[in-house]
Amino acid sequence: MGGFFGVASKGSCVLDLFFGTDYHSHLGTRRAGMVVHGKDGFDRAIHNIQNSPFRTKFERDAEDLEGNLGIGCISDYEPQPLLVNSHLGSYAITTVGKINNADALVEECYHNGHSHFLEMSGGMINPTEIAAAVINQQDTIVDGLRYLQEKVDGSLTVLLLTSEGIYASRDRLGRTPVIIGKKADAHCVSFESFAFLNLGYEDLKELGPGEVVFVTPEKVETVAPPRDKMKICSFLWVYYGYPTSSYEGVNVEFMRNECGRLLAKRDNADADSVAGVPDSGTAHAVGYSNASGIPFTRPFIKYTPTWPRSFMPTNQDQRNLIARMKLIPVHKLIKGKRLLLIDDSIVRGTQLRETTEFLYQSGAKEVHVRPACPPIMFGCKYLNFSRSTSDLDLIARRIILRREGCMEPDNLADYTDPDHPLYQGMLDDICKELNFTSLRYHRLDDMIRSIGIEPCKLCTYCWNGKE
């Protein structure tokens, strides 16, 4: 995924930038960076954060950097922010999102006279560099940002820092959020709404889909109006958003409690206790417990002192190992118990199967599983929140392939309908393969009710394939 933070201040922006960017560490695993602009121009620091937290890598930079304007990012893949010198002037740029048509955009840039791109390891071109090249095809930065919104197949939100201020451009359909904060002598731009609260900022506004603003210490000016259509990612609330954040006015923790409540209303499970897979499953489990009357317990505790970040490391085998080693059992709450376990989702199924085996080995009598969202049927085309490279990485699609003998059967839509017999047959097969006592997913209509905004404004592609 990835996150960003920007500050335009009358005084030094560095400490606000440092802490605001650090508050996005749950959104990325590999790279982080900060750029500031002051009397001596641009100054930048980029570090690899795979093996240590953001703050330990950037504490010294926070002492050395000087400026009143700055942007920072946590990135899942590419190093950024980048520094660019073009006919539009010098600027720094960072992006969040996914470009599906990167090759076509590169070829278009070559055709329009762009001479070269720098290669990253593995031969890839940095998507943020591609974004800058597309922006530079226009006569102004604002025109370039709007042009980029039109050209990108996928989703791309941009922070662009000039010597005068920060341009913030929310992606065309608003799949990711952009929130503006305000205090007496500064404005900030943030992915997560909670990231600026302890820094003394108050909520000013949330950008609409495709809206572009120019942020200075004194004001926030809309330089391109919001578009009409929105498709914000539903997984913001279900999974990767931080509990204290709100998007479109809906708090993440509140939504997850409501999600668990509605999940319980349709369930008749007989269990001794309800538990959430930490961290994102916990709030769902609290909501389920409150609605069902089944006690909430923590039969395992997440060990975080040396592995504090849930997305780390990036290697899938290592992630599975760390996920297993993080969970420390409380045998008194497990042995002989019928446990109802709520996780935010089931993607591959590997980690949840290992968690279930871990509970059985610790003496659990039964393990009933209740994912807080429907079966994931399609890999995300718009954001890099999942490392799945094929739909066959998804447990639901592997089961369908086994049942139907092909990847794209004519009756695929029936498997997304919770009232269809094929759906229940798929659940029975998943339940058996992952060795659960029982399995019941959250329904999509109930999940949408849990969020509480107009369904037409939500992206639900990964569950029903509808764009």
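Against the compact-protein benchmark of 2.2 N^0.38 Å, the Cα-based radius of gyration of region 1-79 scales to 0.99. The peptide list 170-178, 207-215, 254-262, 42-50, put in order of mean Cβ contacts within 10 Å with the highest first, becomes 170-178, 254-262, 207-215, 42-50. Ordering 94, 197, 382 by Cα displacement along the dipole of the chain toward the positive end leaves 197 in first place; charges were set at the Cβ atoms of Lys, Arg (+1) and Asp, Glu (-1). Derived from the Cα gyration tensor, the three semi-axes of the equivalent ellipsoid of the chain are 40, 24, 20 Å, largest first. What separates the Cα centres of region 24-100 and region 273-296 is a distance of 38 Å. For residue 200, the shell of other residues with beta-carbons less than 12 Å away shows a net charge of -1, using +1 for Lys and Arg and -1 for Asp and Glu. About the centre of its Cα atoms, the chain shows a dipole size close to 1580 debye [charges on the beta carbon of Lys, Arg (+1) and Asp, Glu (-1) only; nearest 20 debye]. Annotation for region 350-378 versus region 422-467: alpha-carbon center distance of 16 Å.
Cross-link partners of residue 335 among aspartates and glutamates, defined as those whose alpha carbon lies under 12 angstrom from its own and excluding same-chain residues fewer than eight positions apart: 272, 366. Amide H contacts of residue 327: 303, each under 5 Å away and 5 or more positions distant or on a separate chain (H built 1.01 Å from N in the peptide plane; Pro and chain starts excluded). Around the Cα centre of region 247-464, unit charges on the Cβ atoms of Lys, Arg, Asp and Glu (plus for the first two, minus for the last two) sum to a dipole of about 900 debye. Taking other C-beta atoms within 10 angstrom as a stand-in for reagent exposure, 393, 203 fall in the order 203, 393, fewest first. Packing here is the average count of other Cβ atoms within 10 Å per residue, and on that basis the peptides 455-466, 123-134, highest first, run 123-134, 455-466.
Under a model in which nothing but the beta-carbon of Lys, Arg (+1) and Asp, Glu (-1) is charged, region 2-230 shows a dipole of about 340 debye around its Cα centre.
Grab every C-alpha pair in region 247-464, bin the distances at 10 angstrom width from 0 up to the longest one, and report whole percents. Using 10 Å bins, I get a P(r) of 8, 33, 38, 19, 2 for region 247-464.
A dipole drawn for the chain from +1 and -1 charges on Cβ atoms has a positive end, and of 13, 130, 347 the residue lying farthest that way is 347.
The peptide list 76-88, 106-118, put in order of mean Cβ contacts within 10 Å with the highest first, becomes 76-88, 106-118. Over the chain, DSSP H runs of length four or greater, each weighted -39,500 (n - 2.57), average out per residue to a 222 nm ellipticity of -8500 deg cm²/dmol. Working note: Karplus 6.51/-1.76/1.60 with θ = phi - 60° gives region 171-185 the couplings 4, 4, 9, x, 5, 10, x, 9, 10, 9, x, 9, 9, 4, 10 Hz, where Gly and Pro are set to x.
We did not get these values from a lab; they are worked out from the coordinates using the rules stated. Just so you know, these numbers come straight off a predicted model, no measurement behind them. Reconstructed Cβ throughout: ideal geometry from the backbone, glycine too, with neighbour counts over all protein chains shown.
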